[in-house]
Amino acid sequence: MRLSTFAILSSSLAVLVAAGPIVDKRASFTLQNGKDAQKLNAKFASLSANSPCTSGEVACVRGAFAQCVNGKFVSTPCAGGLTCVALPLVNSPGTSVTCDTEQDAADRIARTGASGGLRGRELESRASFTLQNGRDAQALNRKFQSLNANSPCQEGENACVNGGFAQCVGGKFVTTPCNTGLTCFALPLVLSPGTSLVCDTQADAQARIAATGASGGLFGRSEPELEVRAAKAPAACKAKKREDFTERSEDAPLVRRIAQTDLGAVAQSWQDLCLKSGGDIHTGDPCVQLAGINGINSLLANADPCAQQDNADAMINFAKSKGIKNRAALIDNAIKYAKHPRNALNINGVVPSTPFCQRAPKNPELKGVVHAQLNGVDPGLFGAPNIPIFPFGQPGSCPFGKKPDVKTCTCK
């Protein structure tokens, strides 16, 4: 229930931001509204989750929208790319507390005639905490790389798990997927010490961390240049290109990602069969969880290499459960799902193949069944946003049970 509240509140806040009108002529209260918003933002910069508050009070706490409940702030993270700020009202005296981009918030305050940015003073140099915020965000992103849905956690703990925003409930992470094209990252706060977890594009997240002065990208370690990575790919793989794969040249446009338009149909096909299966469709909600949630998440570029196989195993487990009337159709659907390609992302000029799972499936129907690679990916390089790029020949470049032959760029 708590996660549902998060989604609804975040959406309503985002709508509020977009709905703000712009006026050409300043009213008598406009300048004061701007100054009042600046004062609130300055105040919010000093708040933490443990700051004393009055019931019903709203504030921004470490980039999140917060409301005081029983003398303690309860925070709701803003949607991807947004941060909580105080903004001047336009049509009447006063301010509002909402989620917005920092640039838009600064523009809105500037239009009131108030100078000095968000907090009433320009920050000409990085604040004392800025670099540490960037490094802390990198440390969290490194930690999140090792997490999965089964990782142990503390009640109320927030994290990024398989690219989604996750919260620990009952000792287990419950994940809310990000919108299409976005991934969950830890990002540095700008106005106060700390970090926030948001859904953002990889490029924007990297830029935000770089702006703090922290080097090493999202994870705090230097990434090798494209030429170095390409040199590590076996020569045989360069001669055995997948359809539509071309070498990168200086004047060639970068492909941001290779995404698939049929993921919704893939999820719907399972859900339709599941709903008319005659089995227990309530316990664990298999018709939704194995389709539109775990099903789609496991086909994204940042999914764990074994997540797709695990979901296919869960599909077959359901197909073999009591009361199922269309077992053969469900198993056939699970096998087709296991063969489906995963999305691929451009990582610093390379669109790598997606790594293969390195353990056996639980059901014999999936023995020897592996996911396909999309046309256009590099056959000699493997990796993902959460997995450093590695050349063909290393573990993960061939399906479980097969060995790579770098001389022929094949799996035997």
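The simple Förster model, with R0 at 45 Å and r as the Cβ-Cβ distance, assigns K72 and Q394 a FRET efficiency of 0.35.
Which whole-number percentage describes the relative contact order of region 30-70, with Cα contacts under 8 Å and a sequence gap of 6 or more? Don't jump to the answer; show the numbers that get you there.
Working: 34 pairs, mean separation 12.7, N = 41.
31 percent.
Checking the a/c ratio against 1.5 first, then a/b against b/c, what shape does the Cα gyration tensor give for region 316-384? Judged from the Cα gyration tensor, region 316-384 comes out prolate (a/c at least 1.5, a/b above b/c). Distance between the modelled labels on K325 and L31, one decimal in nanometres: 7.5 nm (7 Å Cα→Cβ projection). Considering only Cα atoms, the convex hull volume of region 26-180 works out to 137 Å³ per residue. Note on K43 and Q358: the extension gain reaches 108.3 nm, defined as 0.36 nm multiplied by sequence separation minus the Cα-Cα distance. Note that region 44-185 presents 48 Å² accessible area per residue, ligands and nucleic acids not counted, probe 1.4 Å.
Within the accessible surface of region 42-148, defined with a 1.4 Å probe on protein heavy atoms only, the carbon and sulfur portion equals 48 percent.
Proximity of backbone amide H atoms, modeled 1.01 Å from N, is registered between V74 and Q67, C68, V69 at under 5 Å, excluding neighbours fewer than 5 places apart on the same chain.
The heavy atoms of R108 present about 40 square angstrom of accessible area, all protein chains included, probe 1.4 Å. Electrostatic tally near Q103: other residues with Cβ closer than 14 Å to its Cβ, Lys and Arg +1, Asp and Glu -1, net -2. Calculated accessible area for region 323-412 comes out at 45 Å² per residue, all protein chains present (probe 1.4 Å; ligands, DNA, RNA ignored).
The values are calculated or read from the model by the stated rules, or taken from the named source; none is laboratory data. All values reported here derive from a predicted model rather than from experimental measurement. Positions of Cβ are generated from backbone atoms using ideal geometry, with glycine treated the same way; all protein chains shown enter the neighbour counts. With ligands, DNA and RNA removed, areas are computed over all heavy atoms of the protein, side chains included. Shrake-Rupley method; radii C 1.70, N 1.55, O 1.52, S 1.80 Å.
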